[in-house]
Amino acid sequence: MSFDPVFTFGTIAAAAMIGVGITHALDRNSLEIPQRVAVGQLVMLRPGSFDHPQPGEFLKESRPVAAPIVQETIDAQLEIMKFQVSVSDYGRCVADGVCKLADARSKIGNVPVTGVSHIDAEAYATWLSASTGEAWRLPTDVEWAYAAGERFRADIDGGESDANNPARRWLAQYRTEAALARKPDPQPRAQGAFGTNSKGLADIAGNVWEWTSTCYSHVTIGSDGKRAASSIDNCGVHAVEGFHRTYMSNFIRDGKSGGCAVGTPPDNLGFRLVRDRPGLVQAALRRLGLS
């Protein structure tokens with residue numbers, strides 16, 4: 001889904017002064033600050049709830065167990081890039097001296113940028129925010145899963161571990177991954193090559209896996225089997241989403257160099273961003289230089 005700007009700032013100011021319900025009268029680009037950098041297509045997703053396997057490592061009575069499934073809620077409209085950030089998009093940040101040159105396999109402009117770490121993705125988000133006057137960031141694991149819809153796949157799970165034979169869980173994970181029959185596919189392809197999902201996002205779970213802002217967590221489950229008795233976050237490692245969810249150290253640019261706990265490692269590491277929109281009144285004041 002795409003939207004075209006229709007209303008000018010004057011229209012917005014007039015509507016606000018006469019008390020019109022501008023939340024319904026204006027489209028999402030109405031208060032957009034003039035951009036020095038072009039931004040690709042965006043998809044706006046309505047709020048909603050869904051059941052979601054939690055990210056991280058979970059233990060009960062000192063043994064690994066499957067991640068609990070929790071109902072998550074996206075309570076505001078989610079505005080996310082339709083495509084992953086491209087080679088040409090990222091190249092502008094490199095040209096400005098903010099981003100580090102990617103270890104990309106392809107130099108073609110409409111191919112997703114690959115060979116980028118979590119650190120690189122954060123640097124790009126910071127640069128894009130400064131260049132557009134808006135707030136851009138990596139999606140959380142929950143936001144990415146919501147946007148991915150039917151193409152989301154959680155961690156490869158081996159079930160509850162056996163204290164008498166710890167290898168059984170690892171073997172179960174291996175068999176599960178093997179049954180999915182994923183083959184290495186290292187060459188990035190043009191944007192849109194993997195089609196769109198039911199929510200209008202392109203190339204979800206293709207051969208470019210995507211960084212998120214969610215830290216890796218080590219969680220001990222309480223006696224009830226549901227609630228966390230303790231949790232330790234490691235923000236030197238973040239969740240990566242693709243064919244399935246996995247975790248990578250922030251500095252990793254090539255998934256094959258380490259970090260994937262089970263199965264075939266990610267073919268490529270890239271990212272897409274979420275845009276946070278200010279409230280209409282806040283944005284109007286900002287445009288007038290009053291905030």
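The values are calculated or read from the model by the stated rules, or taken from the named source; none is laboratory data. Note that the structure is a prediction, hence the values are computed from the model and not measured. We place every Cβ from the backbone using ideal geometry, glycine too, and count neighbours over all the protein chains shown. SASA here: full protein model, heavy atoms, side chains in, ligands and nucleic acids out. Shrake-Rupley method; radii C 1.70, N 1.55, O 1.52, S 1.80 Å.
Could you derive backbone 3J(HN,Hα) for the range 97-102 from the dihedral phi with the Karplus parameters 6.51, -1.76 and 1.60 (θ = phi - 60°), listing whole Hz in sequence and x where the residue is Gly or Pro?
x, 9, 9, 7, 3, 6
Please list, in chain and number order, the residues 5+ apart from SER213 or on another chain whose amide H is under 5 Å from its amide H, with Hs placed from the backbone.
THR140, ASP141
Pop out the ³J(HN,Hα) list for the range 50-55 in order, Karplus 6.51 cos²θ - 1.76 cosθ + 1.60 with θ = phi - 60°, rounded to Hz; leave Gly and Pro as x.
7, 7, 9, x, 5, x
If Lys and Arg each add +1 and Asp and Glu each add -1, what is the summed charge of the other residues whose beta carbon sits under 12 Å from the beta carbon of ASP141? Write down the numbers at each step before the final one.
Numbers: positive: ARG245; negative: GLU72, GLU143, ASP155, GLU210, GLU241.
Net charge in that neighbourhood comes out at -4.
Quick one: which residues, 5 or more positions from ALA205 or on another chain, have an amide H under 5 Å from its amide H? H modelled 1.01 Å from N in the peptide plane, none for Pro or chain starts.
Correct list: empty.
With the cut-off at 1.5 for a/c, could you classify the range 93-154 from its C-alpha gyration tensor as rounded, prolate or oblate?
Oblate shape, in that a/c is at least 1.5 and b/c is the bigger or equal ratio.
How charged is the neighbourhood of GLU72? Take every other residue with its Cβ under 11 Å from the Cβ of GLU72, and add Lys/Arg as +1 and Asp/Glu as -1. Intermediate values should be presented prior to the final figure.
Values: positive: none; negative: ASP51, ASP75, ASP141, GLU143.
So the environment of GLU72 carries a net charge of -4.
With the dipole of the range 47-100 worked out from charges on the C-beta (+1 for Lys and Arg, -1 for Asp and Glu) around the Cα centre, which of VAL85, PHE50, GLN71 lies farthest toward the positive end?
VAL85
Near the amide H of ASN268, under 5 Å away, which other amide H atoms are found, from residues 5 or more places off or on another chain, if H is placed in the peptide plane?
Amide H to amide H, under 5 Å and 5 or more residues apart or across chains, ASN268 pairs with TRP209.
Considering only the other residues whose Cβ falls under 12 Å of the Cβ of ALA125, what net charge follows from Lys and Arg at +1 and Asp and Glu at -1? Walk me through the numbers on the way to the answer.
Working: positive: ARG137, ARG272, ARG275; negative: ASP89, ASP120, GLU122, GLU134, ASP276.
That works out to -2.
How do MET81, MET44 stack up against each other in accessible area, from largest to smallest, with a 1.4 angstrom probe?
On the way: MET81 15, MET44 35 Å².
Most to least solvent-accessible, the answer reads MET44, MET81.
What ³J(HN,Hα) values, in whole Hz, does the Karplus curve 6.51 cos²θ - 1.76 cosθ + 1.60 give for the range 141-154 when θ = phi - 60°, with x put for Gly and Pro?
In residue order, the calculated couplings are 4, 5, 4, 5, 4, 4, 5, 6, x, 5, 8, 6, 9, 6 Hz.
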